[in-house]
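A.B. asks: My structure is below; once you've seen it, I'll send some questions.
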Amino acid sequence: MENPEQEQKMDPRANSGLYLASHGHVRKIEPRTTAAQLYKVRSQSNKDIVYSVLCKSNGEISCDCEDFKRRGVTCKHIYAVAFTI
Ligand SMILES: [Zn+2]
């Protein structure tokens with residue numbers, strides 16, 4: 001049932017990130033230093049879960065969710081931050 005044209009579509013994580021960004025799930029935390037900027041992203045499925053996305057001044061971005069930690073991919077939380085800033 002795989003349709004090759006589906007590959008051309010947007011990354012589902014990017015879609016989820018767009019949802020999170022447009023529904024106010026992303027909150028910017030005032031920085032203590034200028035070395036990094038921290039964002040809190042509230043989970044789409046469980047409002048009690050909040051992920052931390054850290055954007056370092058050297059361009060590195062990390063998230064503390066399992067998707068990022070296990071797979072090292074750009075997760076939906078990082079996308080959400082990217083769509084917010
Ligand atoms: Zn994440």
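The values are calculated or read from the model by the stated rules, or taken from the named source; none is laboratory data. Just so it is clear, the model here is predicted, and its values are computed rather than measured. Glycine also receives a Cβ, built like all others from the backbone with ideal geometry; neighbour counts cover every protein chain displayed.
A.B. asks: Quick check on my filter: what residues within region 39-53 are touching a Leu at 6+ places or on another chain (Cβ under 9 Å) and modelled with pLDDT under 95?
C.D. replies: Residues of region 39-53 that are touching a Leu at 6+ places or on another chain (Cβ under 9 Å), as a first pass: 39, 41-44, 52-53.
Hit for region 39-53 is GLN44, nothing else.
A.B. asks: Restricting to region 29-82, give me the number of residues that are more than 21 Å from MET10 (Cα to Cα) and out of contact with any helix residue (DSSP H, G or I) (no Cβ under 8 Å at 6 or more places or on another chain).
C.D. replies: 27
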